[in-house]
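Engineer: Sharing a structure with you now.
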Amino acid sequence: YPPAPTLPVRVVKKDHFVGKIPMKKGLQVAVKILSNHYSEEHYQNPLSFNPERWVLNSGSKDAFSFFPFSVGSRICIGQHLALL
C-alpha cells in the first residue's frame, strides 16, 4: 500500500465534464489511487500479487492506470529515491 492512498484535493477551475460526470467550478476533487490499482477494468486478477503488471504496457489498457507518485507537473519529488 502506498503511503498516500489518495492524492491531495484539487479545486476545479472551470466547469467541464470528465466523461459523463459534470465538474463545476469550485468543486474539490480527490483521486483515489488504490481504487485504480485494484481495478478489474485495468488489470486481470487485480488482488493477486503480480509485480510484472507494473511494467509499462504489460496488461493495462491505460498508461495512467498505475501512478503511485502522481503524474505530470505535481509528481512526487522523492519518486526517484523511492524507486532506488
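Engineer: How would you rank 68-78, 30-40, highest first, on the average number of other Cβ atoms within 10 Å across their residues?
Structural biologist: 30-40, 68-78
Engineer: Report the local net charge at Lys24: Lys and Arg +1, Asp and Glu -1, summed over other residues whose C-beta lies under 10 Å from its C-beta.
Structural biologist: That sum, taken over residues with Cβ under 10 Å, equals +1.
Computed from the coordinates by the stated procedures, all read-outs in this text should not be read as laboratory data. Keep in mind the model is a prediction, meaning the values are calculated, not measured. Positions of Cβ are backbone-derived with ideal geometry, glycine not excepted, and every protein chain shown enters the neighbour counts.
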